[in-house]
Amino acid sequence: MSTSAKLKKISLAKKGAPKVPGDTCPSINYVQEVLEQITARVDDDWASKQREVVDAVLEYIRDSNEELRNSSYYWYKKYEAAA
């Protein structure tokens, strides 16, 4: 396959591809900061435990988003090499 045919094939595939999620870290950081401010005002054990649960979920979301972005890049590179 010629280089121009390969580039055309990749370009067509890009047009139909779904978007890769943007970096959610700043939003997650903001939610964690707000949560920290709220739980600091309440200052009880229940609120601290709830904050730990929410932080764990947010970190899971952060990690999953990063894995998705890395996977997308990996498969794009594999497609690019094969096309």
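A short reminder: the numbers here are calculations on the coordinates, not readings from a lab. Quick caveat: nothing in here was measured; it's all calculated off a predicted structure. Don't worry about glycine lacking a Cβ; one is built from the backbone with ideal geometry, like all the others, and counts go over all protein chains shown.
Around Lys8, with a cut-off of 14 angstrom between Cβ atoms, what is the net charge of the other residues, counting Lys and Arg +1 and Asp and Glu -1?
Net local charge, Lys8 excluded: +3.
Quick one: angle between helix 3-16 and the longest Cα principal axis of the chain, in degrees between 0 and 90, rounded to 10, please.
40 degrees
Please list, or write none, the lysines whose alpha carbon is within less than 24 Å of the alpha carbon of Lys15, excluding same-chain residues fewer than 8 places away.
Counting by Cα, and skipping residues close in sequence, Lys15 has these lysines nearby: Lys6, Lys77, Lys78.
Residues of region 54-82 with the amide nitrogen closer than 15 Å to a label point 7 Å from the Cα of Val34, along Cα-to-Cβ, please.
54-55, 58
Angle between the Cα long axis of helix 25-42 and the longest principal axis of the chain, 0 to 90 degrees, nearest 10?
The angle comes out near 10 degrees.
Kirkwood Rh, Cα Rg: Rg to Rh for the chain?
Value, to two decimals: 1.29.
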